[in-house]
1. Give, rounded to the nearest 20 debye, the magnitude of the charge dipole that the chain has about its Cα centre when Lys and Arg contribute +1 at Cβ and Asp and Glu contribute -1 at Cβ.
2. Per 5 Å bin, what percent of the C-alpha pairs of the stretch 38-107 does each bin hold, from zero upward?
3. Considering only protein heavy atoms and a probe of 1.4 Å, how much of the accessible area of the chain is carbon and sulfur, as a whole percent?
4. Please list, by residue number, every one of the trypsin sites (Lys or Arg not before Pro) in the stretch 81-138 that is coil in DSSP and has at most 11 other beta-carbon atoms within 10 Å.
5. Calculate the length of the line joining the C-alpha centroid of the stretch 5-20 to that of the stretch 87-138, in whole Å.
6. Mean Kyte-Doolittle of at least -1.0 plus a Cα span of 24 Å or more along the axis: flag which DSSP H helices in the chain meet both, please.
7. Report the charge-dipole magnitude of the stretch 38-92 in Debye, nearest 20, computed about the Cα centre from +1 at each Lys and Arg Cβ and -1 at each Asp and Glu Cβ.
8. In whole angstrom, how long is each semi-axis of the equivalent ellipsoid of the stretch 1-122, when you take the square root of 5 times every eigenvalue of its Cα gyration tensor and sort them from largest down?
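The values are calculated or read from the model by the stated rules, or taken from the named source; none is laboratory data. Remember, predicted model here, so these are calculated numbers, not experimental data. Cβ atoms come from the backbone with ideal geometry, glycine included; neighbour counts cover every protein chain shown. Surface accessibility is based on the protein's heavy atoms, side chains included, excluding ligands, DNA and RNA. Shrake-Rupley method; radii C 1.70, N 1.55, O 1.52, S 1.80 Å.
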Amino acid sequence: MEPEKLCKLAIEAMTHAYAPYSGFKVGAALLCADGSVYQGCNIENAAYSPTNCAERTAIFKAVYDGHRDFTAIAVCGGRDGVITGAFPPCGVCRQVMREFCGDDFHIYLVNGKGFESVTLAQLLPYGFTAGEHMSANG
Ligand code: THU
């Protein structure tokens, strides 16, 4: 699938955002290796910390359905759903991506005019993976 199409699906996903506290609506569209796409939005909470980001909503939906092999994710967001520029995924979402994705996992950051493309290796160098604690002593 073309990155532009994935970005459009992220923009559509943003309309599902539940963001009454920050007003910052986020959408994501995750491309699986088999070509299927999972969309996600941010889902906020009155207690703030239970909030789930759009990227994790998409990834968790896909994993629940049996997918663990991912190619790319498109992400967009803006106050009241108006995209004024690209923003990078939060650290928690980068760590969740690291669980399932390799260094060359593509992240398309929608900026309103098009998108910027980065890789997981760029966003989360020297990340913690399953191998680290599996081999830990003690
Ligand atoms: N948010 C995301 O959905 N993804 C990110 O990568 C960064 C932040 C959401 C969480 C919260 O609902 C709102 O943006 C403001 O932080």
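1. The dipole of the chain has a size of about 320 debye.
2. Calculated over all Cα pairs of the stretch 38-107, the distribution is 4, 15, 26, 27, 17, 9, 3, 0 percent.
3. Exposed carbon and sulfur together represent 54 percent of the surface.
4. Taking the stretch 81-138 and a limit of 11 other Cβ atoms within 10 Å, the loop trypsin sites (Lys or Arg not before Pro) found are LYS113.
5. Cα centres, the stretch 5-20 to the stretch 87-138: 20 Å.
6. For the chain, where a helix must reach 24 Å along its axis and average at least -1.0, there are no hits.
7. Values: 4 positive and 5 negative charges, 9 e Å.
For the stretch 38-92, the charge dipole is close to 40 debye.
8. Values: eigenvalues 82, 55, 33 Å².
For the stretch 1-122, the semi-axes come out at 20, 17, 13 Å.
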